[in-house]
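Notes to accompany the following structure.
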Amino acid sequence: MNKPKIAQKAPYVVDVESGQTYFWCACGKSQNQPYCDGSHKGSDFVPVKFAADRDEKVFFCGCKHSANAPMCDGSHNKLD
Ligand code: FES
Ligand code: FES
């Protein structure tokens with residue numbers, strides 16, 4: 001598996017809406033972070049679906065190295 005591109009070394013803080021579905025960019029190449037824009041095509045990466053079951057503030061991983069994708073787990077602090 002190739003390494004994802006680091007979009008940013010910090011999470012994207014987003015207000016998600018109950019009932020909405022989001023597709024988090026796993027490859028890091030999307031121009032529409034933190035969401036997939038199809039740029040992963042031809043790579044090993046696929047987006048990760050997130051279905052919001054309530055209105056809330058979430059922290060989508062921006063570094064693409066989280067072990068708890070699509071959410072930030074603090075791994076961005078350990079990147080070079
Ligand atoms: Fe990154 Fe689709 S553009 S997963
Ligand atoms: Fe990726 Fe925090 S932004 S783990």
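General observations
- Among the residues making up segment 34-56, none is among the polar types (S, T, N, Q) and within 11 Å of ligand 2 (Cβ to nearest atom).
- Test result for LYS5, touching a residue at least 40 places away in the same chain (Cβ under 8 Å) and touching a helix residue (DSSP H, G or I) at 6+ places or on another chain (Cβ under 9 Å): no
- Among the residues of segment 57-78, none qualifies, meaning not one is more than 9 Å from ligand 2 (Cβ to nearest atom), among the aromatic types (Phe, Trp, Tyr) and either in contact (Cβ under 8 Å) with a residue 24 or more places away in the chain or open to solvent by less than 40 Å² (accessible area, probe 1.4 Å) (or both).
- Within segment 8-32, tally of residues that are buried (at least 16 other Cβ atoms within 10 Å of the Cβ), assigned to a loop (DSSP other than H, G, I, E, B) and more than 9 Å from ligand 1 (Cβ to nearest atom): 1
The values are calculated or read from the model by the stated rules, or taken from the named source; none is laboratory data. In this text the structure is predicted, and so the values were computed from the model without any measurement. Virtual Cβ from ideal backbone geometry, glycine too; neighbours counted across all protein chains shown. We work out accessible area using only protein heavy atoms, side chains counted, and drop any ligands, DNA or RNA first. Shrake-Rupley method; radii C 1.70, N 1.55, O 1.52, S 1.80 Å.
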